[in-house]
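Heads up, the thing below is written out as structure tokens.
Rule-based calculations on the coordinates, nothing more; no lab input. Remember, predicted model here, so these are calculated numbers, not experimental data. Positions of Cβ are generated from backbone atoms using ideal geometry, with glycine treated the same way; all protein chains shown enter the neighbour counts.
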Amino acid sequence: MFATSLILAALIGSPFTPRAVVPVSSAAVAAVATPAAFNPAATARAHETSISVVPAVVGSATTTVETELGAIVATLGQDVPTTPGTPLAYVWTGVGVADGAYAVHVRLTDAAGAISDAIAPVIIDTEAPTVAFPPVLPSATQRGPVSLRASTADPSGVGAIAVEVLNQIDDPLGTVPIAVGTEGSGGTVAWNLKLRRRLLLPGVYHLRASITDGAGNVGRSDVRLLRVSRTVKARIIYSLPDAGNVIGLSFDDCTKSRDMLAIVNAFKAAKAHTTFFCNGVNVRSNPDAARAALAAGNTIGSHTWAHPQLPSLSYAEQASQIQGDVDVWWQVAKAAPTPFFRPPYGLHNAATLRAAGAAGFQWVVLWDVDPSDYLDPAPAVLVQKVVSHAHPGAIVVMHVNANTASAVPQLIRALRAKGLEPKSMDELFGASSYLAPPAG
Ligand SMILES: [Zn+2]
């Protein structure tokens, strides 16, 4: 009676207040459940709990699991003889029992008929935690630190917290662990913007908090945006010779929405991704196509605002051309063309590289295969021109136009027949395209 009334006293008033089950032990008997919270339906971990009953006297023990109201949901041992210091071991699977706080209740009757009780709290929790993840502070930065805070009110408490860092098309780049604070419901970290000891490059990032509750269930928050901008040193590339049997097709200008959507859909149908280097004026005119390209997982890069011959412009004019494209991508799609920049006609001078670096572009992506698709060759001719020059790691320059768009399905098939898989710049560079090169 003592034990049951104690549970009742502790638990009345809330449908699910796990910390209200107070452990009880006596001189005669103790009990512990490990883990103290679990999910009977889990496949990975914590799908049952092990119960150890430690008697200190000779007698007999009955071990049950009870609800908050003292109703027995499982009897683990009935009148089991006890030997001082020899534990009784049980496993409770909790199958078929509703989520909530329970008490393992041991009642030991000694040789003289005296009764002692022990109680071990145990929680069944099959639900993923709801994760609160407020906006990153500040949400725009050069090098951080930024404050990341995540918490939950999960009944079984917090096991672990991490923030997943993804690029703007939701490729995972790494995770930032957060230590659980002393209050036990969440934690905060001042993140220095480093993953694997490398600083995040300029760009727009998606951050999502993930919390593992005390029973092993994982919950994820909504995405929060982090915008990083600062000056970097731009590097020119023409191809990716170490990339393997892959090829980087790319489509410039993005003049017409219909043609861009046709290319997006052709890659979607082929289960592949590509890269668009759009002019800002066209991003502004074709916002739906711009967003569709991103939503399908393609890479976007900058191609300046209005397609000038950059070397004929001053540094300030070049910088303005590049920044205009960065700004419109943010306005239209909450996205950034960094870290990939392609100067119109491939024309560049020292000021171009400085201006690109100042706008946060790590990679100036030129090409080593040019099929002159702007001359509108017949699709079969265009395909033949690309395929005959294609090699592992090649970067191919083409344009968003109707003729080229109509050739894309055939082009992808022909490249695959040659053993070359088309990839986007994000895929070719991998997660490291968003991390500053290692120092030294
Ligand atoms: Zn162009």
Dimensions (Å) - the stretch 251-350, Cα atoms, principal axes, largest first: 43, 25, 22
Out-of-range pairs (alpha-carbon distance over 21 Å; input Lys194/Lys233; Lys233/Lys256; Lys268/Lys385): Lys233/Lys256; Lys268/Lys385
Provide the packing ranking of 219-229, 370-380, i.e. peptides ordered by the mean count of other C-beta atoms within 10 Å per residue, highest first. 219-229, 370-380
Backbone N within the stretch 196-231 under 19 Å of label point (7 Å from Ala42 Cα along the Cβ vector): 210-221
Over the chain, one equal point on each Cα, no solvent: what is log10 I(q)/I(0) by the Debye formula at q = 0.11 Å⁻¹? -0.84
Residues with amide H under 5 Å from that of His273, placed H, sequence gap 5 or more: Ser424
Approximate spin-label separation Ala378-Glu317, in nm, with each point projected 7 Å along Cα-to-Cβ: 4.3
State, to one decimal in nm², a quarter of the convex hull surface area for the C-alpha atoms of the stretch 140-228, i.e. the direction-averaged projected area. 5.6
Which FRET efficiency value, to the nearest 0.05, is calculated for Ser139 and Thr75 with the Förster distance at 41 angstrom and r the Cβ-Cβ distance? 0.15
Report ³J(HN,Hα) in whole Hz for each residue of the stretch 397-408, in order, from the Karplus equation J = 6.51 cos²θ - 1.76 cosθ + 1.60 where θ = phi - 60°; Gly and Pro get x. 9, 9, 9, 7, 8, 5, 5, 5, 4, 5, 8, 4
Kindly state, to the nearest 0.05, the FRET efficiency for Arg196 paired with Ser60, given R0 = 51 Å and r defined as their beta-carbon distance. 0.30
So, in Å, what gap is there between the alpha-carbon centers of the stretch 55-134 and the stretch 283-300? 58
Debye calc, one equal point scatterer per Cα of the stretch 18-144, no solvent, log10 I(q)/I(0) at q = 0.14, 0.21, 0.22 1/Å comes to -0.62, -1.14, -1.21
Where both residues lie in the stretch 140-228, what percent of DSSP beta bridges are antiparallel, nearest 5? 95
Counting pairs of Cα atoms in the stretch 235-434, how many percent are more than 29 Å apart? 16
Above 20 angstrom, tally the Cα pairs of the stretch 303-384 and express them as a % of all pairs, no decimals. 39
Please work out the ratio of the alpha-carbon Rg of the stretch 59-213 to 2.2 N^0.38 Å and round it to two decimals. 1.57
The chain - charge dipole about Cα centre, Lys and Arg +1 at Cβ, Asp and Glu -1, debye rounded to 20: 1440
